[in-house]
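Enquirer: Quick one: this structure, given as structure tokens, is what I'll be asking you about.
The values are calculated or read from the model by the stated rules, or taken from the named source; none is laboratory data. Worth saying up front: this structure is predicted, and the values here are computed from it rather than measured. Note: ideal-geometry Cβ built from the backbone for every residue, glycine included; neighbour counts use all protein chains shown. Remember, those area values only see protein heavy atoms, side chains included, never the ligands or the DNA or RNA. Shrake-Rupley method; radii C 1.70, N 1.55, O 1.52, S 1.80 Å.
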Amino acid sequence: MENTPRNVILQVGSLIALYLSASFLLTLVFGLINISYPSAADSYWEIESATESIRLGIAMLIVFFPTYIILTRLMNRFRRTEHGALYQNITKWLIYLSLLISGLVLLGTLVMAIYTFLNGDLTTRFLLKAAAVVGVIGAAFHYYILDARGVWMREEGKSVMYGVGATLVVFLAIAYGVTNIETPAVVREMKLDETQVNDLRNVQYQIDSYMAMSSSSLPDTLETAYKTAGVDVPAAPEGREGYTYEKTDGGFKLCATFSRDSVQNEFVDTSYIDPAAKIKNPENWNYKEGRYCFERIVK
């Protein structure tokens, strides 16, 4: 019995890996459904959230699904030995606990799918999500019901085929997910675009502050505006062309180089504009790929 703790831990670890794998497979599938069947009511942030769900689902599955397969095979191999029979009762308790948790997860996830449907989600998306929940959780439920009955102990070949089928489903989901998200290089460029917008927001704030302290006079250079703040002018990220500032007839313009077009209204926030601010259109940050200038009108 000296190996009892080890094998109980292996079984518990296997079930935890199962819960995580099933949960994040559904996370991945839900994200793919939201992107594949977009709604006119979806905002930019909802689309971005679906993309992040796909990335997270892929990352978690790559780590935890192989872990689940390995731990399950180790446990099943041990349970088929003479000493493995000693742990059948413990294993059955854990399996029945797993069935209970799987059932609760199934019901809870279906409740959320129905809630999002009643909250305006597309009928097609709701049906696909409901089918995904029943398919993923139902498959795990079915596997462990047969396991509790000792089927896999008697028919190892069928157990292996079940594992091969699950692996194929996960592989296809990951492969399809990869084709629906940007590559790491593209994501890096997108983040640099966001960094540049944040930098130019800061520049604009310093210009506005300078005008407030100098009777609405625009600074001749950015260095002049930043000198009163006691900080350095932001520099463009490495590999990007530097920021430029230029006074115009109606105000000024700030320019930077971007890797792609912004999503329409991606950086527009008109919920609050300070009436005392000197800039008339401070919150329009939509841009085009390449060198782009944000024109600002001074009141």
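Enquirer: Order these peptides, 68-75, 22-29, by their mean beta-carbon neighbour count within 10 angstrom, highest first.
Expert: Averaged packing, sorted descending, gives the order 22-29, 68-75.
Enquirer: While we're looking at this one, here's another question. For the range 108-206, what is the per residue volume of the convex hull drawn over the alpha-carbon atoms, in cubic angstrom?
Expert: 182 Å³
Enquirer: Find the relative contact order for the chain and round it to a whole percent, using C-alpha pairs within less than 8 Å whose residues are 6+ positions apart. Numbers along the way, then the final one.
Expert: Details: 304 pairs, mean separation 42.6, N = 299.
Contact order relative to length: 14 percent.
Enquirer: Let me ask something else about it. What does the accessible area per residue of the range 91-198 come to in Å², with a 1.4 Å probe and no ligands, DNA or RNA counted?
Expert: In whole numbers, the range 91-198 has 58 Å² accessible per residue.
Enquirer: What list of ³J(HN,Hα) couplings, whole Hz, do you get for the range 236-253 from phi and the Karplus terms 6.51, -1.76, 1.60, once you set θ to phi - 60° and write x for glycine and proline?
Expert: 5, x, 4, x, 9, 5, x, 5, 10, 10, 8, 6, 10, 4, x, x, 7, 9
Enquirer: If you count, for each residue, the other Cβ atoms within 10 Å and average over each peptide, how do 207-215, 227-235 line up from highest to lowest?
Expert: Listed from highest to lowest mean packing, they are 207-215, 227-235.
Enquirer: Of the heavy-atom accessible surface of the range 132-217 (probe 1.4 angstrom), what whole percent is carbon and sulfur?
Expert: Reported share for carbon and sulfur atoms: 66 percent.
Enquirer: Whose amide H sits under 5 Å from the amide H of Gly251, counting only residues 5 or more places off or on another chain, with H placed in the peptide plane?
Expert: Val298
Enquirer: Scan around Asn281 for amide H atoms under 5 Å from its own, H built in the peptide plane at 1.01 Å from N, and keep only partners 5 or more places away or cross-chain.
Expert: Sorted by chain and number, the residues that satisfy this are Ile297.
Enquirer: If amide hydrogens are placed 1.01 Å from N in the peptide plane, which non-local residues have theirs closer than 5 Å to the one on Ser39?
Expert: none
Enquirer: Could you tell me the convex hull volume per residue, in Å³, taken over the Cα atoms of the chain?
Expert: So the per-residue hull volume is 182 Å³.
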